[in-house]
There are 2 protein chains.
Amino acid sequence: MLISALLTSVAINSGLCVLFFVLYSVLRKQPTNYEVYIPRLLAEGNSRRRSRFNLERLIPSPGWLMRAWKLTEGDILSSSGLDAVVFMRIITFCLKVFTFAGIIGIFVLLPVNCTGTQLHQIDFTNFTSNSLDVFSISNVNNGSKSLWIHFSAVYLLTIFICGLLYYEYMYISSQRIAYFSSSKPQPHQFTILVRSIPVSAGSSVSQSVESFFSEYYPTTYLSHIVVRRTSKLRNLLNEAHNLYKRIIHLRSEPSQNKFKRVQLFGNKVDLVDHYEKKLEDIEQNVRLEQSEASLIEDTRAAFVSFKSRYAAATVFHMRQSINPTHWITEQAPEPHDVYWPFFSSSFMRRWISKLIVIVACVLLTILFLIPVVLVQGLTNLNQLEIWLPFLKSVLSIAFVSQVVTGYLPSLILQCFLFVIPPIMEFLSSIQGYISHSAIEKSACNKVLWFTIWNIFFATVFSGSVLYQISIFLEPKNIPAKLAVAVPAQASFFIAYVVTSGWTSTSSELFRTIPLLCSLCTRCCRKSTDDEVPSIPYHRDIPRICFFGLLGITYFFLAPLILPFLLVYLCLAYIVFSNQWINVYAPKYETAGKFWPIVHNSMIFSLVLMHAIALGIFTVKKVPLASTLVFPLPILTLLFNEYCRKRFLPIFVAYSSEVLIKKDREDQNDATLAEFYENLANAYQDPALMPIQYSTSSENLSSPLLSSNVV
Amino acid sequence: MLISALLTSVAINSGLCVLFFVLYSVLRKQPTNYEVYIPRLLAEGNSRRRSRFNLERLIPSPGWLMRAWKLTEGDILSSSGLDAVVFMRIITFCLKVFTFAGIIGIFVLLPVNCTGTQLHQIDFTNFTSNSLDVFSISNVNNGSKSLWIHFSAVYLLTIFICGLLYYEYMYISSQRIAYFSSSKPQPHQFTILVRSIPVSAGSSVSQSVESFFSEYYPTTYLSHIVVRRTSKLRNLLNEAHNLYKRIIHLRSEPSQNKFKRVQLFGNKVDLVDHYEKKLEDIEQNVRLEQSEASLIEDTRAAFVSFKSRYAAATVFHMRQSINPTHWITEQAPEPHDVYWPFFSSSFMRRWISKLIVIVACVLLTILFLIPVVLVQGLTNLNQLEIWLPFLKSVLSIAFVSQVVTGYLPSLILQCFLFVIPPIMEFLSSIQGYISHSAIEKSACNKVLWFTIWNIFFATVFSGSVLYQISIFLEPKNIPAKLAVAVPAQASFFIAYVVTSGWTSTSSELFRTIPLLCSLCTRCCRKSTDDEVPSIPYHRDIPRICFFGLLGITYFFLAPLILPFLLVYLCLAYIVFSNQWINVYAPKYETAGKFWPIVHNSMIFSLVLMHAIALGIFTVKKVPLASTLVFPLPILTLLFNEYCRKRFLPIFVAYSSEVLIKKDREDQNDATLAEFYENLANAYQDPALMPIQYSTSSENLSSPLLSSNVV
């Protein structure tokens, strides 16, 4: 790729970004878009709908930029919880890393690369016609002493990142403990989920739980709720809910619409009456189902609550039964975080579904190579012209070819990548996780590795699946192959950062999809649920981590990528700060459990960088340097191992020291008795709550149905 | 190798075995050998030394064979504990497997192999001149349909072994729980070891432990003992002990020996007086050191005892401190099982020593290839003749060449292998384990994998280390390479079973080394310690497992190995039964913790067999069979995964159900108060016990020094 193609891509994307920012500045002030741009403020009642028109509404104003920039960590913590803080710290972590890397890269490595003559000499007369390769390590002469500068840069960056990772892990651990210590008594701290409950003949699950825990934990056991299978009921409730919304909508309409033919040859019927009758029928069905469901106990799972956090933690940590596949305990999620639909019963079935998900992930990865190969075809214009000769005339236009090579490939990839997070979330959800947070964490991991494999490795080793696998089946050749293939794709990934990174951030700000949805629903005059959205961690964390991986691996190969990454990170910082204020509200609190994923991905990036460095220095004929790089991945992995021992346990469970202290603090709390009472019903399945859609209009506005139905 | 060479080897070894058995039958009846052959009976006082001579003592009698054969599991359990039962069950497990495999192998596979003509047709006129390859799968014609018989045999044996493994794991788990349930209160059930105790300035380790546990576990905490570094003290004590033994020895001698010149120009001195003075000096030193040692608390480790088993288990299972590298808890070993010398203090130091041990193991493995390559030279006679031409004339003698190819190689390997278990035990001991049992378990694993790597793989892929590593760096070629290399070594391994297996068992019976030691000490007139030896699990379990691996992998390649294995196993059964009665006493009780090692090695053997089958069927041009073998390793690994979930946790720790039940049983036990009192001192370092080698002869026979000093 030539500099001119890169500049085209940068120009298009900068233009788009500015356009999105300006449009956003205007659109967010329109009251009709409040649901899209400030749902959180609306829900919190912090913003009134100003219906009065004034000119100011049409002029873009940068005030929100300042507010977003000035947002402190304390603000985010108090308003959105620790997960949001961790999310923002991922961005600031990358900012710190790439500021350091950028200074070295741009002011030291880039000049060294340019002065090399291995590929071309840089052409200052027609600067934009230079290939981007001039700025990469490929241009440094083989055996040149200046490669030791790259060597030192690799060491320096590794030390810097490891130091920062250590500090960050420590900081987030301490924040996690501080968060727990300052929290009020919460149901999930006192509760565990028990699965695979053995039931003796003539006894029920409930009796079994009661007898087991009151026998072995008589002093600490409080209560339990058996989990029931309610998928059928849940469908009925959704139906009722939709009908109910339609009735409300009809009531608020002008009266001429209320009458419609409901039968082909029937009379005109009052639709409201008709729907209300239908609703009553469904309600009847729901009550019937509820009473039936409460009799069937085929999930063999129960939430068991204890009188103290320590007691619950003890039961969680200890194996309960002689048979390790019975009485399996898990930490309970927050009540509103429970993922009710999937409560697979037996130990074996969950195990099998896990295997199925692994197979599905592998299949998805293989299928996804098709678009990747397509995209690769676009970056190699010559090959495309051979495949599709009729395009030759169009592609000969300079601008078109620049768009095609510089912009289109990453855009297509971007579109395909768009569907991956929801698919992975679905796969995680059938894997047997019990909470939304666990599902998202697992999906986050899946998306991250999928991205690394399918974007990084598939692009680098573009070719068939079998070829890729064959590379990994010969581990000793990996560094050499990486050394050849990775620098060759530098220009693609620079374009990728610009296209995918910049555009995704601006479209995150602009909220394209919700905006379109909102426009549609307004046209169709449907009432919408005024729910505040939550941030899809499994979409955004892997994206940032992947850019981190690109930055770290290309840092010493093609430092030109770093300024673009820094722009991306600054944009991301501002946009997400703004979204935390205005849009997203936390759906659950994992207290920082996403950080270990980020830590692992950074360590992986470092080791990958070392493998590439090892190969590059061999290819560039500086064998001493490649030998001296060898201890670096080993030391990095040892560092990671230390961190796993030092910090990871804190993210798995709280220590007894912390739990006992917290329990003692509560002993003097007068509200604890009340809390215990509520605890008994905290984990009631919302589908089993009594429902009452009263048919009188005054009651319609306050249905008893919980909004937690999934 | 020709059949005649094998027959030579079998003849030599059978002769040796018979000789050993006959010699043993005679020697065990000589009172002077009682310490060697029936130390256990002596220690238990079940055998009186019959000093009267009679002729019966010189005639070999087979009575001991019957006693050993008739020994039941119940007898072993009551006399030697669960570990001995598990050890014997390893042998019976292999016996069951290879009886089943042997029937299939000899009556089905062997005839099929012989009827093939791929290599040679079998020569019935001069049977012994046939190559052993005639009996192996190599002789089956390529693409022959009879290979499906081998295919079915692989499936059948896998199913049989998996079923047996499942049953065995279940049986030993239940035995383990039954053993615990029927056990009396024991100190290690109530105690945990705490390491990395943080100490605040101006406070001692003891105070720190006291304040921590009495703050967080006020109702269950009982007492603690801080571990102290006593290596210097231990040396002094050993010196004192030796001196003391010498004095006793001198006292029992005729008086003329008591006087000796102690100085070149000095007077004759009463040696006893001289030594007694020296002993007093050392005693003084010991007391001084003891009082000093009890002040220094630099190990930062302590044994903490609780009032119930459940309380101790809770503390063990839960992470105690906010910082996961502080207050690290471990299950305490039995008091006499504690390995006092090594109490590495800090978290980091133990971690580093672990890394050093890994590096040492790798180095040892590489160095060990030298003898293996030498041995390989012997099996390839032609190559040896090229290397050492002067041997040509000697080697041309038929008998010599048969001994050299059939017997010498395995014997040399055997001698080198002899030093491996002690080395591995040493390496494990510096790895930071706190008990003899844990050290042996770890050494057992190390020896097993060392044997598999250095005997199996090094022999199969004889060549340089780099060649071997390069094979494992290209995983997709492993089956093909195994398929070529493994059958080629069939005759070597048959000879190995005969030499190494048969001879090692008979020499185990004969106790060659202890016998020689006993002879030496008797000549030198030194008094010996009358300690009952304990079985070196880390030497014998890997050996049996390795023969299991050989049997399973060669079962369908060269079924001729199976009868020899069965003979070995029968010998082992009888010999070890006999040794349990007469020789070995258990030093500790892990309640079956060695079984998972055996289980894993069997699973590994199965998967290795599948990999070889995969390669063989490809090489033999039956691609369908090689495709159909593919699910087998996957299913086997899934089966193993299930077993890991179903049984392994039982071997790690007892469940709360079991613990609480056991604690409740004890509540009515009147002796518990006394037990608690003893508990406080159960983990006192024997080196810190008060010593008193009184100089008066009547006290000399009952020193207060504990015999636990290592």
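Quick note: the coordinates plus some simple rules give every number you see, no bench work behind them. What you see is a predicted model, and the numbers here were worked out from it, not measured in a lab. As a convention, Cβ positions derive from the backbone with ideal geometry for all residues, glycine included, and neighbour counts pool all protein chains shown.
Hey, what did the stretch B:29-140 get for relative contact order, percent, Cα under 8 Å, at least 6 apart?
Details: 56 pairs, mean separation 17.1, N = 112.
Worked out over the stretch B:29-140, it gives 15 percent.
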*asked:* Which order do the peptides B:622-632, B:217-227 come out in when sorted by mean C-beta neighbours inside 10 angstrom, highest first?
replied: B:217-227, B:622-632
*Excluding A:Asn139 itself, calculate the net charge of residues whose Cβ lies under 14 Å from the Cβ of A:Asn139, where each Lys or Arg counts +1 and each Asp or Glu counts -1.*
-1
*asked:* Tell me the angle of helix A:347-379 to the major Cα principal axis of chain A, expressed in degrees between 0 and 90 and rounded to the nearest ten.
replied: 40 degrees
*Quick one: with label points 7 Å out along Cα→Cβ, list the inter-copy distances for B:Ile412 in nm, shortest first?*
6.4
*asked:* Please arrange A:Ser214, A:Ser136 by how many other C-beta atoms lie within 10 Å of their C-beta, fewest to most.
replied: A:Ser214, A:Ser136
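Counting other C-beta atoms within 10 Å, which of A:Leu519, B:Leu550, B:Leu566 has the fewest, and how do the rest follow? It would help to have the intermediate numbers written out before the result.
Numbers: A:Leu519 13, B:Leu550 24, B:Leu566 18.
Ranked by crowding around the Cβ, least crowded first: A:Leu519, B:Leu566, B:Leu550.
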*How far apart, in nm, are two points set 7 Å out from the Cα along the Cα-to-Cβ line at B:Gln118 and at B:Ile386?*
2.6 nm
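Residue separation times 0.36 nm, minus the C-alpha to C-alpha distance between B:Ile412 and B:Phe399: what's the value?
Numbers: separation 13, 0.36 × 13 = 4.68 nm, distance 1.83 nm.
The span from B:Ile412 to B:Phe399 would gain 2.8 nm if fully extended.
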*Quick one: angle between helix B:82-104 and the longest Cα principal axis of chain B, in degrees between 0 and 90, rounded to 10, please.*
0 degrees
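Per residue of chain A, what 222 nm ellipticity follows from adding -39500 (n - 2.57) for every DSSP H run with n ≥ 4, rounded to the nearest 500?
Values: 32 runs with 439 residues, N = 710.
Calculated mean residue ellipticity at 222 nm is -20000 deg cm²/dmol.
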_With the crude spin-label approximation of a point 7 Å out along Cα→Cβ, what separation in nm comes out for A:Asn235 versus A:Glu56?_
5.3 nm
*Just tell me how shielded B:643-651 is by partners: mean number of partner chain Cβ atoms within 10 Å of each residue's Cβ, no decimals.*
3
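For peptide B:323-331, compute the average count of partner chain beta-carbon atoms within 10 Å of each residue's beta-carbon. Present the calculation step by step, with values, prior to reporting the outcome.
On the way: counts 7, 10, 5, 2, 3, 1, 0, 0, 0.
Across B:323-331, the average partner-chain Cβ count within 10 Å equals 3.
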*Mind checking which of B:Phe368, B:Ala153, B:Thr72 is farthest towards the positive end of chain B's charge dipole, using Cβ charges of +1 (Lys, Arg) and -1 (Asp, Glu) about the Cα centre?*
B:Ala153
*Taking the Cβ of each residue in B:Ile561, A:Ile248, B:Ile296, B:Ile91 as the centre, tally the other Cβ atoms inside 10 Å and list the residues starting with the fewest.*
B:Ile296, A:Ile248, B:Ile91, B:Ile561
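What does the net charge come to around A:Phe418 if you take all other residues with beta carbon closer than 15 Å to its beta carbon, with K and R at +1 and D and E at -1? Each step should come with its number before you reach the end.
Working: positive: A:Arg511, A:Arg539, A:Arg543; negative: A:Glu425, A:Glu508, A:Asp540.
Computed value for this residue: 0.
Local charge sum around B:Ile650 (other residues, Cβ-Cβ under 14 Å, Lys/Arg +1, Asp/Glu -1)?
Numbers: positive: A:Arg319, B:Arg176, B:Lys593, B:Arg644, B:Lys645, B:Arg646; negative: B:Glu168, B:Glu657.
Net of charged neighbours comes to +4.
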*Taking the label point 7 Å from Cα in the Cβ direction, how far apart in nm is A:Ile122 from each other copy of itself, listed shortest first?*
8.0
*Say a label goes 7 Å from Cα toward Cβ at A:Met689 in every copy; what distances in nm does this one have to the rest, shortest first?*
6.8
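Past 27 Å, Cα to Cα, is the threshold; run B:Lys446/B:Lys645; A:Lys307/A:Lys354; A:Lys96/A:Lys441; A:Lys354/B:Lys481; B:Lys476/B:Lys620; B:Lys29/B:Lys96 against it and keep the listed order.
Working: B:Lys446/B:Lys645 24 Å; A:Lys307/A:Lys354 34 Å; A:Lys96/A:Lys441 25 Å; A:Lys354/B:Lys481 33 Å; B:Lys476/B:Lys620 18 Å; B:Lys29/B:Lys96 34 Å.
From the list (B:Lys446/B:Lys645; A:Lys307/A:Lys354; A:Lys96/A:Lys441; A:Lys354/B:Lys481; B:Lys476/B:Lys620; B:Lys29/B:Lys96), the Cα-Cα distance tops 27 Å for A:Lys307/A:Lys354; A:Lys354/B:Lys481; B:Lys29/B:Lys96.
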*Farthest toward the dipole's positive end in the stretch B:44-168, which of B:Thr117, B:Gly105, B:Asn139, given Cβ charges of +1 (Lys, Arg) and -1 (Asp, Glu) about the Cα centre?*
B:Gly105
*FRET E, pair A:Asn142, A:Trp449, Förster distance 25 Å, beta-carbon r, rounded to 0.05*: 0.10
*Acute angle (nearest 10 degrees) that the helix B:436-451 long axis makes with the longest principal axis of chain B, alpha-carbon atoms*: 20 degrees
*Full-stretch length increase - A:Ser470, A:Phe426 - with 0.36 nm per residue and alpha-carbon distance subtracted*: 12.8 nm
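Within 10 Å, count the other beta carbons around each residue, average over each peptide in A:119-125, B:326-332, and list them highest first.
Listed from highest to lowest mean packing, they are B:326-332, A:119-125.
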_Can you compute the label reach from B:His336? Point 7 Å from Cα along the Cβ direction, backbone N cut-off under 13 Å, restricted to the stretch B:1-44._
B:43-44
*Which distance in nm do the two modelled labels at B:Leu516 and B:Met66 give, with both placed 7 Å along the Cα-to-Cβ direction?*
3.5 nm
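Any idea what the relative contact order of chain B is, in percent, if you count C-alpha pairs under 8 Å spaced at least 6 apart?
Details: 902 pairs, mean separation 181.9, N = 710.
With pairs under 8 Å counted, the relative contact order is 26 percent.
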